[in-house]
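The values are calculated or read from the model by the stated rules, or taken from the named source; none is laboratory data. What you see is a predicted model, and the numbers here were worked out from it, not measured in a lab. Counting neighbours? That spans all protein chains shown, and the Cβs are built from the backbone with ideal geometry, glycine included.
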Amino acid sequence: MATRHHARMAVVSLLYAFDLGNGNTSEHTTEILEEKKIRNKQRDFALDLYEGVMSHLEEIDKAIIEHLKDWDFERLGAIERATLRLAAYEILFGDLDSAVVINEAVEVTKAFGTEQSPKFINGVLDAIAKDKNQK
């Protein structure tokens, strides 16, 4: 049975595909989630996350760009960008504690990213969370 962790990993995959120019990803999210065995409540959770990211993409990207230090948003790896987008959405618009979201993003990055990715992801998301808490 799929967990929320599996659902988030599937959403990162969907965002990764979207970022690589597969614009029709949104039309096939349900089928893609079914292929990954993300069903029932976890499918609904994943769809809510994906649709939330897509509907707030401009705001999310702006928040990420504001917190990148000496790094160009366009030079980010597609996996790192997808992971940051999902986690930034959950921090900015969700109700989970930021520490939980950041930990989950780091774990997803360990599975998909490079060796340096988890530390980078942690730093950017921590800055976004601190900025949100100060507002």
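Can you go through 2, 63, 7 and tell me which one is buried (at least 18 other Cβ atoms within 10 Å of the Cβ), outside any helix (DSSP H, G or I) and either touching an Asp or Glu at 6+ places or on another chain (Cβ under 6 Å) or touching a residue at least 40 places away in the same chain (Cβ under 8 Å) (or both)?
2
Considering only the range 98-117, state which residues are modelled with pLDDT under 95 and either part of a loop (DSSP other than H, G, I, E, B) or crowded, with 19+ Cβ neighbours inside 10 Å (or both).
Within the range 98-117, 108, 109, 113, 114, 115, 116, 117 qualify.
Any idea which of (1) without any contact (Cβ under 8 Å) to a residue 60 or more places away in the chain; (2) closer than 30 Å to residue 134 by Cα; (3) of a type in the set (Lys, Arg); (4) in a helix (DSSP H, G or I) is the one residue 69 doesn't satisfy?
(4)
Run down 86, 76 and say which single residue is touching a residue at least 60 places away in the same chain (Cβ under 8 Å) and surrounded by 19 or more Cβ atoms within 10 Å (Cβ to Cβ).
Only one candidate passes the filter, namely 86.
Just give me the residues in the range 59-117 being β-branched (Val, Ile, Thr) and over 12 Å from the mean Cα position of the chain (by Cα), in sequence order.
Those that are β-branched (Val, Ile, Thr) and over 12 Å from the mean Cα position of the chain (by Cα): 65, 100, 114.
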